[in-house]
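Engineer: Below is the structure I would like to discuss, written out as structure tokens.
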Amino acid sequence: MCSDVTSVSAPPGVPQSVVDWVSEVARLTQPDGVHWCDGSIEERDRLYDQMVAGGTLIKLNPQLRPGCYLARSLPSDVARVEARTFICSELESEAGPTNNWAAPDQMRQTLAQVFSGSMRGRTMYVIPFSMGPLGGDISKLGIEITDSPYVVVSMRIMTRVGLGPLAAISAGQPWVPAVHSVGYPLVDGSGQTRPDVAWPCNEEKYITHFPETREIWSYGSGYGGNALLGKKCYALRIASVLARDEGWLAEHMLILRITGPNGRVFNLCAAFPSACGKTNLAMLRPTIPGWKVETVGDDIAWMRPGPDGRLHAINPEAGFFGVAPGTSEKTNPTCLHALSHDTIFTNVGLTDDGDVWWEGMTDQPPAHLIDWQGQDWTPDCGRVAAHPNSRFTVNAAQAESISPNWEDPAGVPVDVILFGGRRSSNVPLISESYSWEHGVFVGATVSSEQTAAAEGTVGDLRRDPFAMLPFCGYNMADYWAHWLDLGRTLGDQAPRIFQVNWFRRDAEGNWLWPGFGDNSRPIEWALRRISGEVAARDVISGRIPVPGDLNVDGLDITNAQLDALFELDPKAWAYEADLTQTYFERFGDKVPPALWDQLEQLRQRIAQTEAEA
Ligand code: GTP
Ligand code: SPV
Ligand code: MN
């Protein structure tokens, strides 16, 4: 058992403050030993072998998926747990009405209890990591302590881990501490042992953030954003607080680079809620000639005003933790190809020849496979083969679309920002915001149909401002004010803002828009707007294409369908405006006056449209 400082045996040069923190966590959690991760391939392969031997991972057929593994989690641990996610600021008002708040002192007591002895019988891994290219001006450091080897190998794909980040920390750079335990000790307080299980976790879960002291403590889950603490916990919840204090933005956005037919390059960021198409858009293959797309990031953007006065974005991550179902040669070939080797799959189906399969991967499902819960599966068995939130973990460099600029520490200058969500009605295919303030209003009022990325009822419409509902580390209304402030700083150098909706349906429930590669078409229109090449029509939601300007060449779409994609019903919009008012009222006097003003202007546009009808 690890009860004294010396047994932590840190590598040479690690500052005493780091050693003290690791020792303190070891004293609390009482692991059998401490392993400082160096990030090497040997270390990774040792952990893979160990997890295969222990049943956590299944090695896939090396002929079909070299370097690939399958993990199956427990059915109770398949997604982020928003109800168990807490912002522990000193003041409840700091967390705001959209976050679960807990008093920091009280949460510390709870954590001290649940973490006490939680790593008994296990190894405690210390993972130094960098979010963003190591040493970059926008990048930041952290150390995750975890008792899950699955987390170690996943963090190695998703972030930059090991000796480089440890050296930067040792040189005195600031870092964020993040402690994770699956909460399944193998030895109890009286020394009784129990065998390990394939997916250790605990029914009791706490995903906690301390914004004032910039700490993360996560207990009870081994899955995704609950456990890979560099991702949502650090790069969004804690980073959004840092960003507010330091004048930048930490966003739930993909980043892509588009080169137009005349060689002009645009950089685009887009915020869509979880499982609403960021990974797909990040690897867009345009169906219109002359446009080329490169991927910079698929989930998170850190954006800062640069020396040129423009907003510059980096992808703080190094990998993709993406939704598997629906990924196919038709929808996202680039992504599918990236998954051909060196990928960890979680909760997908296992075919009889040792490959993976999920709903939507092929038109013809395999005749038999083992489903995500380890049971025999046939196409007619009435169950899904892959969990709807099953995911792949893959290094970003494996995408053939990855941009040569993706690791530029200075980031890429952002020309355009999209806000979107899943809306079967009301929200048009694309519309341009009238101003930065209007764009912030559009971002603040995004609502979207719930997906399987978190617990809850799939399909329920919920507000998801800036796609940040589960990820903003402070009061959402203050976050809106921060966006407005940043707009004033950027002035006429600010990116142009558009709202998009790929998910509109007709009366029979069919998609009105083909989506995927064809999303290049509305984006082309947005870029032509920025270049001043096309006019627009001013409508309720913003500026939409003049008929004929949206490129639908070669597309099998009727004029009636196009009209339906842009239909704006003033009555439905008036109803939504009322809902927005009620929504804003939840934030009391924190709502920036500029957003109330935007609501008033929206109501005027609705009234004007009704009067003209
Ligand atoms: P997180 O990783 O949870 O933040 O999600 P994400 O936004 O990266 O989601 P992703 O790109 O993985 O999309 C998830 C789902 O959206 C998949 O089932 C896709 O098939 C579906 N999807 C993506 N783009 C489109 C589109 O243009 N049209 C339609 N109809 N579905 C889409
Ligand atoms: C999301 O839910 O938005 C994700 C997956 O990107 S997770 O990392 O689990 O948060
Ligand atoms: Mn996400």
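The values are calculated or read from the model by the stated rules, or taken from the named source; none is laboratory data. Not measured: the values here are computed from a predicted model. Cβ atoms come from the backbone with ideal geometry, glycine included; neighbour counts cover every protein chain shown. Ligands, DNA and RNA are excluded from the accessible area calculation, which covers all protein heavy atoms including side chains. Shrake-Rupley method; radii C 1.70, N 1.55, O 1.52, S 1.80 Å.
Engineer: Would you mind telling me which numbered condition in (1) more than 16 Å from ligand 3 (Cβ to nearest atom); (2) touching a Leu at 6+ places or on another chain (Cβ under 8 Å); (3) open to solvent by less than 50 Å² (accessible area, probe 1.4 Å) residue 514 fails?
Structural biologist: (3)
Engineer: Continuing with this model, one more query. Out of 64, 47, 74, 60, I need the residue that is out of contact with any helix residue (DSSP H, G or I) (no Cβ under 9 Å at 6 or more places or on another chain) and open to solvent by less than 30 Å² (accessible area, probe 1.4 Å). Which one?
Structural biologist: 60
Engineer: Do we have residue 325 as under 21 Å from residue 366 (Cα atoms), open to solvent by 10 Å² or more (accessible area, probe 1.4 Å) and more than 14 Å from ligand 2 (Cβ to nearest atom) here?
Structural biologist: For residue 325, the condition - under 21 Å from residue 366 (Cα atoms), open to solvent by 10 Å² or more (accessible area, probe 1.4 Å) and more than 14 Å from ligand 2 (Cβ to nearest atom) - is not met.
Engineer: Consider residue 417 carefully, then state whether it is surrounded by 23 or more Cβ atoms within 10 Å (Cβ to Cβ), modelled with pLDDT of 95 or more, within 19 Å of the chain's Cα centre (by Cα) and closer than 30 Å to residue 302 by Cα.
Structural biologist: Yes: the conditions hold for residue 417.
Engineer: Sort out which residues of the range 26-46 are in contact (Cβ under 8 Å) with a residue 24 or more places away in the chain and more than 18 Å from residue 129 (Cα to Cα), and write them in order of number.
Structural biologist: Within the range 26-46, 26, 27, 28, 29, 30, 31, 32, 33 meet the criteria.
Engineer: Considering (1) surrounded by 19 or more Cβ atoms within 10 Å (Cβ to Cβ); (2) touching a Phe, Trp or Tyr at 6+ places or on another chain (Cβ under 9 Å); (3) part of a loop (DSSP other than H, G, I, E, B), say which one residue 261 fails and leave the rest.
Structural biologist: Tallying (1) surrounded by 19 or more Cβ atoms within 10 Å (Cβ to Cβ); (2) touching a Phe, Trp or Tyr at 6+ places or on another chain (Cβ under 9 Å); (3) part of a loop (DSSP other than H, G, I, E, B), residue 261 fails exactly one: (1).
Engineer: Of all the residues that make up the range 267-300, how many are of a type in the set (A, V, I, L, M, F, W, C), surrounded by fewer than 21 Cβ atoms within 10 Å (Cβ to Cβ) and touching a Gly at 6+ places or on another chain (Cβ under 7 Å)?
Structural biologist: 1
Engineer: Given (1) within 15 Å of ligand 2 (Cβ to nearest atom); (2) in contact with a helix residue (DSSP H, G or I) (Cβ under 9 Å, 6 or more places away or on another chain); (3) closer than 20 Å to residue 275 by Cβ, where does residue 473 come up short, assuming only one miss?
Structural biologist: (3)
Engineer: Checking the conditions here, which among 67, 13, 39 is in a loop (DSSP other than H, G, I, E, B), at pLDDT below 95 and farther than 22 Å from residue 117 by Cα?
Structural biologist: The match here is 13.
Engineer: Need the failing condition index for residue 572 against (1) more than 16 Å from ligand 1 (Cβ to nearest atom); (2) in a loop (DSSP other than H, G, I, E, B), just the number.
Structural biologist: Single failed check for residue 572: (2).
Engineer: Name the single residue, out of those in the range 304-331 being under 29 Å from residue 390 (Cα atoms) and among the aliphatic types (A, V, I, L, M), that is nearest to ligand 1 (Cβ to nearest atom).
Structural biologist: This residue is 323.
Engineer: Considering only the range 110-122, I want to know if a residue exists there that is of a type outside the set (A, V, I, L, M, F, W, C), under 21 Å from the mean Cα position of the chain (by Cα) and within 24 Å of residue 48 (Cα to Cα).
Structural biologist: No, there is no match, as no residue in the range 110-122 is of a type outside the set (A, V, I, L, M, F, W, C), under 21 Å from the mean Cα position of the chain (by Cα) and within 24 Å of residue 48 (Cα to Cα).
Engineer: Within the group 269, 276, which residue is within 14 Å of ligand 2 (Cβ to nearest atom) and either out of contact with any helix residue (DSSP H, G or I) (no Cβ under 7 Å at 6 or more places or on another chain) or among the charged types (D, E, K, R) (or both)?
Structural biologist: Of 269, 276, the one residue that is within 14 Å of ligand 2 (Cβ to nearest atom) and either out of contact with any helix residue (DSSP H, G or I) (no Cβ under 7 Å at 6 or more places or on another chain) or among the charged types (D, E, K, R) (or both) is 276.
Engineer: Given the condition at pLDDT 95 or above, touching a Gly at 6+ places or on another chain (Cβ under 7 Å), within 16 Å of ligand 2 (Cβ to nearest atom) and of a type outside the set (Ser, Thr, Tyr), answer yes or no: does some residue in the range 373-386 qualify?
Structural biologist: So far as the range 373-386 goes, yes, one or more of its residues are at pLDDT 95 or above, touching a Gly at 6+ places or on another chain (Cβ under 7 Å), within 16 Å of ligand 2 (Cβ to nearest atom) and of a type outside the set (Ser, Thr, Tyr).
Engineer: Go over the candidates 185, 174 one by one and state the one that is at pLDDT 95 or above and within 18 Å of residue 201 (Cα to Cα).
Structural biologist: Criteria check complete, one pass: 185.
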